[in-house]
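Reading through the structure tokens given below for one structure.
The values are calculated or read from the model by the stated rules, or taken from the named source; none is laboratory data. Everything quoted here is computed from the prediction, not taken from an experiment. Cβ placement follows ideal geometry from the backbone for every residue including glycine, while neighbour counts extend to all protein chains displayed. Protein only, heavy atoms only, side chains kept; ligands, DNA and RNA dropped before computing areas. Shrake-Rupley method; radii C 1.70, N 1.55, O 1.52, S 1.80 Å.
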Amino acid sequence: CHFKILQTIICTFSVLSVAARADFKSRNCSEVREACIQKGFSFAHVPVQEIPGEHLRVCPQGDTCCTQEMEDKFGQQSKQDFENLVDEMSHELRSTFVSRHKRFDEFFLELLENTERSLNEMFVRTYGKPYMQNSEVFENLFAELKRYYTGGNVNLEEMLNDFWSRLLERMFTLLNSQYIITEDYLECISKYTDQLKPFGDVPRKLKAQVTRAFIAARTFVQGLSVGREVAQRVSKVNNTPACIRALTKMLYCPFCQGMPAVKPCKNYCLNVMKGCLANQADLDPEWNQYIDAMLLVAQRLEGPFNIESVMEPIDVKISEAIMNMQDNSGQVTYRVFQGCGQPKPAGMTRSTRGVSDVFNARFRPYSPEERPTTAAGTSLDRLVVDIKEKLKLSKKFWSNLPEALCVEDRVTAGNASDEDCWNGHSKGRYFPEVQKDGLTNQVNNPEVGVDITRPDTFIRQQIMALRVMTNKLKNAYNGNDIAFQDSSDEGSGSGSGSGCTEVCTTDMDAAVTEVPVVKADRSGPVDSASLHTPSLAPPTILALSVLTLHRQWR
């Protein structure tokens, strides 16, 4: 009798247990159904109760709430989720490089534009018609500077030497308008440029300043461009099948186990992400070196290679050189005649203009408040400080990416020791240790099968791009252009922002006189009937009086 009672109790308990279990299963799969609807999945069928899971290839094959179709779609969604996460995490990095590259580029091009406009307006007022008839010499200078900056194959030192040679030829021709100056004679003059030093020390100092500043600015903007391209390319992750399996198992297998609300353990997430982002982590050492090199060049742009402090007074510096030429024109003419012979006289039809015609009474340099407004509405210093701050924040970005992804509000359940998280098999603590960064350290990754013998060629290309750019930046830091390393070492001039020492304190105070230049047509004798000038320099006292007035006006 007792046995029958016991048997009845056991039987009843079993029935209740089965019923409770069935209800539990039903409840679990109902939660899964609701979670799938919330995430936007549209499955043909979601089991009402758990079913045998022999058909599953990624998730545990015990009783499950998942069909084959569900697991397949979870795999596709895992890939998309991961790409979206990396895209979201790298968005700020990418937008930083895009916006700062754009701002620096706009600033620089506007600075060039403002400087050229400033020079043109000043020289029109100062030198009038002779300048306007030969303004293409200056236009070519700015066109070549812009071409260099925008990536053209321009040797800055040779280009600047050529500018001064052209200017010497034009001025010599006008100062000696009573002679017929032929093309061959002009070529002979250019051979004596270095010996004559007709423009004083201005060309040498200006060449040092302009060369260093332009090399630094061009290399810096190229560096921003490379950083932008690398960040954009590497952010588009290329998932391996092993990575997608691991992501599916981590993100969606809890659904199949009837636990859609359970999040992955943090250390579990870290191992999955370190396996999937192993190649990206290998970019980090080269990325950090590139950022350091960018920061060094940024320091140069703030100090001795400040392009703004070089370009803004360039009109005054060139004008000082022109004044030097006028002051020394008698000696220059004598030396040229000695070396090239005396040219034929132009004839008696030409008259000689008086000294008063050499200096233009319309001359009025800019007052400080008339100076062009700073390019792009900001100073170079403020712009560079902003870029430096953003660059510093981007260091170690790629090796920190798994940690940034595996945070509570994105993927994980929070605390790594939490026992209420998904460990890849069930709800419970995750025991394997977290792997180190990089491809070779994934050899024993428990979550992702990584072939450490096959580095991602695409990532390796980005590593090489960074390496090349870092080398260019290091050269630019030293004032060298990697494309023209065989050029003369003129770029190693003074270490100050202006390139000046105590001997050039009058750079900003240079006297400006009417420039004697001649038309661009060098095919034969020059007709400059309306531009006759004396072959000798203007009297020194007049030059000094103009210099005094000029200093007062500026």
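Scanning region 179-208 for residues that are open to solvent by 60 Å² or more (accessible area, probe 1.4 Å) and among the polar types (S, T, N, Q) yields a total of 1.
Can you tell me how many residues in region 65-105 are of a type in the set (S, T, N, Q), part of a helix (DSSP H, G or I) and more than 24 Å from Lys396 (Cβ to Cβ)? Quick ask: steps written out before the conclusion?
Quick first cut of region 65-105, residues of a type in the set (S, T, N, Q) only: 67-68, 76-78, 80, 84, 90, 95-96, 99.
From the residues that got through so far, the ones that are part of a helix (DSSP H, G or I) too are 68, 76-78, 80, 84, 90, 95-96, 99.
Applying the additional criterion that residues be more than 24 Å from Lys396 (Cβ to Cβ) yields 68, 76-78, 80.
Of the residues in region 65-105, 5 are of a type in the set (S, T, N, Q), part of a helix (DSSP H, G or I) and more than 24 Å from Lys396 (Cβ to Cβ).
Within region 214-243, the set of residues being out of contact with any His (no Cβ under 9 Å at 6 or more places or on another chain), open to solvent by 10 Å² or more (accessible area, probe 1.4 Å) and under 30 Å from Gln77 (Cα atoms) comprises Glu229, Gln232, Arg233, Lys236, Val237, Asn238, Asn239, Thr240, Pro241, Ala242. Which residues, taken from region 415-469, are at pLDDT 90 or above, part of a loop (DSSP other than H, G, I, E, B) and of a type in the set (A, V, I, L, M, F, W, C)? Of everything in region 415-469, those that are at pLDDT 90 or above, part of a loop (DSSP other than H, G, I, E, B) and of a type in the set (A, V, I, L, M, F, W, C) turn out to be Cys421, Phe431, Val434, Leu439, Val443, Val448, Val450, Ile452. Residues in region 284-299 that are more than 15 Å from the chain's Cα centre (by Cα) and buried (at least 24 other Cβ atoms within 10 Å of the Cβ): there are none. A count restricted to region 178-212 and to residues that are assigned to a loop (DSSP other than H, G, I, E, B) and of a type in the set (Lys, Arg) stands at 1. Pro304: surrounded by fewer than 23 Cβ atoms within 10 Å (Cβ to Cβ), of a type outside the set (Ser, Thr, Tyr) and modelled with pLDDT of 95 or more, yes or no? Answer is no for this residue.
Looking only at region 394-415, count every residue that is open to solvent by 20 Å² or more (accessible area, probe 1.4 Å) and at negative phi and tell me the total. Walk me through how you get there before you give the answer.
Applying the first criterion (open to solvent by 20 Å² or more (accessible area, probe 1.4 Å)) to region 394-415 yields 395-397, 399-400, 403-404, 407-410, 413, 415.
Filter again for at negative phi, leaving 395, 397, 399-400, 403-404, 407-410, 413, 415.
Total satisfying the criteria: 12.
Asp418 is checked against (1) open to solvent by 40 Å² or more (accessible area, probe 1.4 Å); (2) within 14 Å of Ala281 (Cβ to Cβ) and fails just one. What number does that condition carry? If we test Asp418 against (1) open to solvent by 40 Å² or more (accessible area, probe 1.4 Å); (2) within 14 Å of Ala281 (Cβ to Cβ), just (2) comes out false.
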